[in-house]
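One structure is given below, encoded as structure tokens.
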Amino acid sequence: ELQSEGRVGIRSLAMSQHTPLMGGDSSRMGTVDDLVARLRSLLADYKTIVIPAACNVSASYNICNVGYAVQLMRLEHPVPRWAAPAFSSSCLFGSIVGQLALGYAGDSIGRRPAMIITLIIIAVGSLGSAVFTSGFGDDIWKRLVFWRFILGIGVGGTYPLGAVYAGEMGDT
């Protein structure tokens with residue numbers, strides 16, 4: 001009996017402190033206008049969520065899917081012993097360079113211009129690895145490693161710039 005009374009006591013305490021989504025007094029239901037006002041305030045500053053999320057999704061996509069690309073490339077082109085590890089890690093090494101260089105650029109020239117430069121670097125690296133990879137044998141792998149490194153510089157820049165951008169947008 002004591003245990004069941006204790007549970008009821010905790011439950012009633014939790015329910016007494018519950019505040020509904022609409023906020024304010026729990027005895028009244030909020031109006032549709034209150035709900036619309038809350039939704040507008042949540043969606044008004046979408047840039048706080050959308051821009052850093054898009055940057056991180058594109059960065060993660062480019063880093064994580066490289067293993068699939070290597071497997072598909074093996075079907076068409078012979079893979080030298082050095083190529084698969086270099087191809088897989090060149091984006092990661094580029095991201096180290098990008099975090100340092102573009103994080104500094106964000107402090108120097110501003111977050112927005114540095115983020116634009118970062119996204120341009122990502123586009124150039126992606127386009128380069130898709131288009132400028134003609135050749136045979138080792139040539140195609142050398143070009144892919146180079147363009148993946150360029151892509152990595154942009155990917156690395158999204159991490160510090162996206163985090164600081166979201167933090168600064170959230171403060172205003």
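Summary value for the range 98-172: 46 percent relative contact order, contacts being C-alpha pairs under 8 angstrom separated by 6+ residues. Taking 7 Å steps out from each Cα toward its Cβ at residue 82 and residue 104 produces label points 2.8 nm apart. Fully extending the segment from residue 97 to residue 53 would add 13.7 nm, taking 0.36 nm per residue of separation and subtracting the current Cα-Cα distance. Look at the dipole of the range 46-172 built from charges on Cβ: of 60, 144, 114, the Cα furthest out on the positive end belongs to 144.
Here the peptides 125-133, 105-113 are ranked by packing, the mean other Cβ count within 10 Å, and the order with the highest first is 125-133, 105-113.
With r defined as the distance between the Cβ atoms of residue 41 and residue 112 and R0 fixed at 35 Å, what FRET efficiency is calculated, to the nearest 0.05? So the FRET efficiency works out to roughly 0.90.
Since every read-out is calculated from the coordinates, none of them should be taken as a lab result. All of these numbers come straight from a predicted model, not from anything done at the bench. Neighbour counts run over all protein chains shown; Cβ positions are idealised from the backbone, glycine included.
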